[in-house]
1. I want to confirm something. Restricting to the range A:94-109 and keeping residues that are more than 8 Å from chain B (Cβ to nearest Cβ) and surrounded by 13 or more Cβ atoms within 10 Å (Cβ to Cβ), which single residue is modelled with the lowest pLDDT?
2. A:LEU32 versus (1) surrounded by fewer than 21 Cβ atoms within 10 Å (Cβ to Cβ); (2) within 14 Å of chain B (Cβ to nearest Cβ): which is the lone unmet condition?
3. I need the full set of residues from the range A:59-77 which are touching a residue at least 12 places away in the same chain (Cβ under 8 Å) and polar (S, T, N, Q), in order please.
4. Being within 11 Å of chain B (Cβ to nearest Cβ), of a type outside the set (Phe, Trp, Tyr) and either over 14 Å from A:PHE104 (Cα atoms) or out of contact with any Pro (no Cβ under 6 Å at 6 or more places or on another chain) (or both): is that true of A:ILE26 here?
5. Within the group B:GLN6, B:GLN2, which residue is of a type outside the set (Gly, Ala, Ser), at pLDDT 95 or above and under 12 Å from B:THR107 (Cα atoms)?
6. Residue pairs, Cβ under 6 Å, 6 or more apart or interchain, first in the range B:57-82 and part of a strand (DSSP E or B), second surrounded by 14 or more Cβ atoms within 10 Å (Cβ to Cβ) and of a type in the set (Gly, Ala, Ser). List them.
7. Under the condition of being closer than 20 Å to A:ARG81 by Cβ and of a type in the set (Lys, Arg), which residue from the range A:39-69 is farthest from the other protein chains (Cβ to nearest Cβ)?
8. For A:GLN84, are the conditions met, namely being of a type in the set (S, T, N, Q), touching a residue at least 24 places away in the same chain (Cβ under 8 Å) and surrounded by fewer than 19 Cβ atoms within 10 Å (Cβ to Cβ)?
Amino acid sequence: GAGVSQSPSNKVTEKGKDVELRCDPISGHTALYWYRQSLGQGLEFLIYFQGNSAPDKSGLPSDRFSAERTGGSVSTLTIQRTQQEDSAVYLCASSQDHSYNEQFFGPGTRLTVL
Amino acid sequence: AQKITQTQPGMFVQEKEAVTLDCTYDTSDPSYGLFWYKQPSSGEMIFLIYQGSYDQQNATEGRYSLNFQKARKSANLVISASQLGDSAMYFCAMREANTGNQFYFGTGTSLTVIP
């Protein structure tokens, strides 16, 4: 069965440009998480979606970051007016529901802002 | 204060030996979960083991076991009979019931298994 997929795998952009990162969770998984992993660091929580509930956006670092999840499946993380400090690996994870402990992670998108 | 602290940036272990990766956590929530993940050089995060705060016994999954010492707020990962494929980054994480959506991750420990 297919796991969590993310695209693109790598993205290089110029400072000030907008980028969109995509996550396809495992079919049937209602919970979806976005994380950011800077070089040599642990994972930083960004945003969480659970079913049709309002997302938990408490981890988004600034208003340049936004995310949506259409139809309870695919999610898009958008970074507007990118800055060099946005360079990181962005990881998406899904799980069967909020109470289910195991998260399945995608391979990540490596974002480089020049 | 850091929610999760991993004090070993890098560890080395001889193949077939056991190794312990340290993790301490900080929470005032009586209900929480502790997790360990493995991240090989390929970059994917792989779930290894879970321990609930109310679990009476230490969690075990194959060669992985979690040494849960609640009073000391530590959740060390023990890998027995190390294999070359165990070389990777290992992250400890916690989720609290009160802030149930967020997973807090440590900075990780890089494990190298020496043949």
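The values are calculated or read from the model by the stated rules, or taken from the named source; none is laboratory data. Values in this document were obtained by computation on a predicted structure and should not be read as measured data. Every residue, glycine among them, receives a Cβ derived from its backbone with ideal geometry; neighbour counts consider all protein chains shown.
1. Looking only at the range A:94-109, we keep the residues that are more than 8 Å from chain B (Cβ to nearest Cβ), and these are A:94-97, A:99-100, A:109.
From what is left, the residues that are surrounded by 13 or more Cβ atoms within 10 Å (Cβ to Cβ) are A:94-96, A:109.
Values: A:SER94: 91, A:SER95: 86, A:GLN96: 81, A:THR109: 96.
Residue satisfying both the conditions and the ranking: A:GLN96.
2. (1)
3. Residues satisfying the conditions are A:SER66, A:SER73, A:SER75, A:THR76.
4. Details: within 11 Å of chain B (Cβ to nearest Cβ): no; of a type outside the set (Phe, Trp, Tyr): yes; either over 14 Å from A:PHE104 (Cα atoms) or out of contact with any Pro (no Cβ under 6 Å at 6 or more places or on another chain) (or both): yes.
Judged against the criteria, A:ILE26 is not a match.
5. Values: B:GLN2 fails: at pLDDT 95 or above.
Selected residue: B:GLN6, the only one of B:GLN6, B:GLN2 that is of a type outside the set (Gly, Ala, Ser), at pLDDT 95 or above and under 12 Å from B:THR107 (Cα atoms).
6. B:LEU66/B:ALA59; B:LEU66/B:ALA75; B:PHE68/B:ALA75; B:VAL78/B:SER65
7. Checking each candidate, the answer is A:ARG64.
8. On the way: of a type in the set (S, T, N, Q): yes; touching a residue at least 24 places away in the same chain (Cβ under 8 Å): yes; surrounded by fewer than 19 Cβ atoms within 10 Å (Cβ to Cβ): yes.
Yes, satisfied.
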